[in-house]
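To keep things clear, I will list the structure first and then write my remarks on it.
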Amino acid sequence: MGGPFELVNGKGETVTDKDVITEPTLIYFGYTFCPDVCPLDVDRNASAIEILEERGQSVTPVFIS
C-alpha cells in the first residue's frame with residue numbers, strides 16, 4: 001500500500017494525495033453507514049490521534065469510504 005492516489009469527494013471534485021497528505025496522516029478506509037464496527041474504529045483512531053498530539057506529533061485524520 002502506498003503511492004499517489006486520485007479520488008472523488010462528496011462534491012464530485014477530484015482529490016489527490018497531495019491535497020490530503022500535507023503532514024503525517026492517519027488514513028481510515030470505512031463505510032458511510034456502518035453502525036457496528038466503524039464507530040469503534042473511529043473512536044480508536046481519535047484516541048490514537050490524541051495520544052500522538054499529547055506527545056507533540058500533529059496528525060491529520062482522513063476518512064475514505
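The values are calculated or read from the model by the stated rules, or taken from the named source; none is laboratory data. Since we're looking at a predicted model, the values are computed, not measured. Counting neighbours? That spans all protein chains shown, and the Cβs are built from the backbone with ideal geometry, glycine included.
Would you check if Asp36 is over 11 Å from the mean Cα position of the chain (by Cα), modelled with pLDDT of 90 or more and charged (D, E, K, R)? So Asp36 does not fit the description; no.
The listed residues are Phe5, Phe63, Phe29, and the only one of them that is in contact (Cβ under 8 Å) with a residue 24 or more places away in the chain and either among the small types (Gly, Ala, Ser) or surrounded by 11 or more Cβ atoms within 10 Å (Cβ to Cβ) (or both) turns out to be Phe63. Among the residues making up segment 8-26, a single one is of a type in the set (S, T, N, Q), loosely packed, with under 11 Cβ neighbours inside 10 Å and modelled with pLDDT of 90 or more: Thr14.
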